[in-house]
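Undergrad: A single structure is presented below for examination.
Read-outs: derived from the displayed coordinates by stated rules, not from any lab. This one's a predicted model, so the numbers in the text were calculated from it and none came from an experiment. FYI the Cβ positions are ideal-geometry reconstructions off the backbone, even for glycines, and counts take in every protein chain you see.
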Amino acid sequence: MKYDTITMIKHVENNDLNKQEVKNMEKIPDVLKAAAKAYKLLMENEKVRVLDLHLKSGEKAPMHNHPNDHVVYVMNNAKFKLVFSDGKSGEFDLKAGQTLWMDAGSHSTENIGTSVGHNLVVELIK
């Protein structure tokens with residue numbers, strides 16, 4: 001299924017954190033452990049955690065957990081496929097300069113485009 005930015009935001013927002021999702025998140029490693037090759041920590045304090053994501057064409061960040069709601073700033077055009085812990089998936093055409101909101105949750109990310117995917121992820125610590 002192909003999503004535009006608006007649909008992506010609605011898809012993620014509609015994936016409310018029910019008890020099963022919270023249970024799944026507890027079993028899935030944090031993004032910095034599970035996907036350390038793709039995500040680098042830029043800074044962290046008591047309010048935010050800032051991550052730098054780089055995925056070459058064809059690379060995949062395995063299933064990982066983002067324990068906090070987060071804003072994604074797209075640095076360059078890319079096409080990603082996300083698979084969520086509930087099995088739902090979507091393809092996203094990302095454009096440089098886009099800003100996206102994502103609720104806390106778990107997913108894998110695969111770069112299915114031809115360019116390097118580069119995003120900044122700002123997690124809001126609760």
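Undergrad: Could I have the simple spin-label model distance between Asn76 and Leu41, label points 7 Å from Cα toward Cβ, reported in nm to one decimal?
TA: For Asn76 paired with Leu41, the spin-label model returns 2.7 nm.
Undergrad: Can you give the net charge of the other residues whose Cβ lies under 14 Å from the Cβ of Ala61, counting K and R as +1 and D and E as -1?
TA: +2
Undergrad: Moving to a separate point now. Assuming 0.36 nm per residue, please report the length gained on full extension of the stretch Leu124 to Gln98 beyond their Cα-Cα distance. Don't skip to the answer; put the middle values down first.
TA: Working: separation 26, 0.36 × 26 = 9.36 nm, distance 1.82 nm.
Gain on stretching Leu124 to Gln98: 7.5 nm.
Undergrad: Then there is this: Could you work out how much longer the chain between Thr114 and Lys88 gets when fully extended? Use 0.36 nm per residue separation minus the Cα distance between them, nm to one decimal. Before the final figure, lay out the partial values.
TA: Numbers: separation 26, 0.36 × 26 = 9.36 nm, distance 2.34 nm.
Between Thr114 and Lys88, full extension yields 7.0 nm more.
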